[in-house]
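Below is one structure, written out as structure tokens; the observations come after it.
The values are calculated or read from the model by the stated rules, or taken from the named source; none is laboratory data. Remember, it's a predicted structure, so these values are computed and weren't measured experimentally. All Cβ positions, glycine included, derive from the backbone under ideal geometry; neighbour counts span all protein chains shown. Note: accessible area is taken over every heavy atom of the protein model, side chains too, but ligands, DNA and RNA are not part of it. Shrake-Rupley method; radii C 1.70, N 1.55, O 1.52, S 1.80 Å.
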Amino acid sequence: MEKTLNRIHPVSDPEATYFLQMSWEKDLGTGFGLLLSDCQCAWTGTVSESDISREAADIEMDREKYVEELRKALIAGEESAGKYNFVIS
């Protein structure tokens, strides 16, 4: 199992710091788990392979391209700093 941990500062509250942990088996396209924490509370969730396919279809994006954008936004960390915005709601 692969895991990453990234620090994020959401545009919805730039002074706040959150930590996003992602975990996956083969690659993101087969689904992944996530844990988001503000160091006081934590939230967990899973995204299935069918969820990924459905979302890519909903926004009319090639599935492989969508998975690559997910990787950049959720895993790449410093490599993608400033290119993606997070809103916590």
Sort through 34, 28 and tell me the only one that's within 13 Å of the chain's Cα centre (by Cα), more than 17 Å from residue 66 (Cα to Cα) and in contact (Cβ under 8 Å) with a residue 24 or more places away in the chain.
-> 34
Looking only at the stretch 49-60, decide whether some residue is assigned to a strand (DSSP E or B) and open to solvent by less than 70 Å² (accessible area, probe 1.4 Å).
-> no
If you take the residues in the stretch 1-25 that are open to solvent by less than 30 Å² (accessible area, probe 1.4 Å) and aliphatic (A, V, I, L, M), which one is farthest from the chain's Cα centre (by Cα)?
-> 16
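Within the stretch 62-80, work out how many residues are of a type outside the set (Lys, Arg), assigned to a helix (DSSP H, G or I) and at pLDDT 90 or above.
Pass one, the stretch 62-80, residues of a type outside the set (Lys, Arg): 62, 64, 66-70, 73-80.
Restricting the remaining residues to those that are assigned to a helix (DSSP H, G or I) gives 64, 66-70, 73-74, 77-80.
From what is left, the residues that are at pLDDT 90 or above are 64, 66-70.
Looking only at that region, the number is 6.
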In the stretch 10-25, how many residues are free of Cβ contacts under 8 Å to residues at least 24 places away in the same chain and more than 19 Å from residue 64 (Cα to Cα)?
-> 5
Pick from 20, 35, 5: which is under 13 Å from residue 88 (Cβ atoms) and assigned to a strand (DSSP E or B)?
-> 20
